[in-house]
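What follows is a short report on a single structure.
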Amino acid sequence: MKKHVHYTLTLIVGIALGAVLCGGAYAAGVMAQPTWQPIYIDGDRVEMEAYNINGNNYVRLRDIGKEVGFNVYWQDGVRIDRSSDYTGEPPVTSSPDEINTSSISSMDDVKSKIVSLTNDLRKQNNLKELQTSDLLMQAAQVRADEIALSGVYSHTRPNGKPFYAVTDCPYAAENIDCVMDLYLTQQNKSLAETAIYDWRVSEGHLKNMLNTQVSAIGVGIAKGADANGMESWYCVQLFLYDGYTITWVDSPAT
């Protein structure tokens, strides 16, 4: 659990990751003097350097991160990661083709598991199971591939067309999810169960999985990196409305 700073302080990035002020410093016409105002975190007093500038107390942002429990580091600018403990260093990332696949046994197995878990959910709600087809599975894979390759995490394709333009049938619905590989490793969770959970707790995605008017499902999975450069898995569910078929699948859009 993250701590909360009870003593109100002004945070400045320049002091956080720039010059260290010792014994008073003078910059841009402003005098900074050390201050010994007490600082408390969750009721416990902590020792932290602070400086008084024009009547305001300033502390280093990285010191707050270290005490409260979030990471602050420099990487083409000041970055704050509230989900990670303090290290002061940027996270180690790999290129997409170096993604750790230890948590992923077989892509086909994961796809089958997602289909199975979706149908289990439908059974619990007294709905008919969804069928799969090679073309619909292929279409979902194309969507996953183009999201991973382009970084366009959206129901709009990278070429600006709607997601259903991946086939010759517009009567479809789509769920997408982005799951960090590091999360799977740290939490010892499977990709299929994580994706289904993410969709279940989202009203719109759950509605697609429990849609009484769809009869078929396709699943695609591709590895890539998220917006922060973290190794991730992109999961896609395509649902086809009852009574409709597809005869053509597009290639990944760029």
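The values are calculated or read from the model by the stated rules, or taken from the named source; none is laboratory data. Keep in mind the model is a prediction, meaning the values are calculated, not measured. Glycine gets a Cβ as well: all are built from the backbone with ideal geometry, and neighbour counts include every protein chain shown. Note: accessible area is taken over every heavy atom of the protein model, side chains too, but ligands, DNA and RNA are not part of it. Shrake-Rupley method; radii C 1.70, N 1.55, O 1.52, S 1.80 Å.
Where q = 0.23, 0.33 Å⁻¹, what log10 of I(q)/I(0) comes from the Debye formula for region 155-202, counting one point per Cα?
With no solvent term, the Cα-only Debye profile gives -0.84, -1.16.
Report the normalised scattering of region 120-228 as log10 I(q)/I(0) at q = 0.09, 0.11, 0.17, 0.20 Å⁻¹, calculated by the Debye formula with identical scatterers on the alpha carbons.
-0.25, -0.37, -0.90, -1.22
May I ask you to give the solvent-accessible area per residue for region 177-254, in square angstrom, as obtained with a 1.4 angstrom probe?
Accessible area per residue: 49 Å².
When the convex hull of the Cα atoms of region 199-254 is projected onto a plane and the area is averaged over all directions, what value comes out in nm²?
The orientation-averaged projected area of the Cα hull of region 199-254 comes to 5.4 nm².
Give me the dipole magnitude in Debye, nearest 20, for region 124-175 about the Cα centre, with unit charges on the beta carbon: positive for Lys and Arg, negative for Asp and Glu.
Taking the Cα centre of region 124-175 as origin, the dipole is about 140 debye.
What aspartates and glutamates does Lys161 reach when the alpha-carbon gap must be under 13 Å and sequence neighbours fewer than 8 apart in one chain are set aside?
Of all the aspartates and glutamates, those that pass the test against Lys161 - Cα under 13 Å, at least 8 places apart if same chain - are Glu146, Asp250.
Provide the gained length on full extension for the span Trp36 to Asn125, in nm with one decimal, where the gain is 0.36 nm per separating residue minus the Cα-Cα distance.
Stretched fully, the Trp36-Asn125 segment lengthens by 25.9 nm.
Just report the Cα centroid separation between region 146-174 and region 220-254, whole Å.
Spelled out, the Cα-based centre of one part sits 7 Å from the other.
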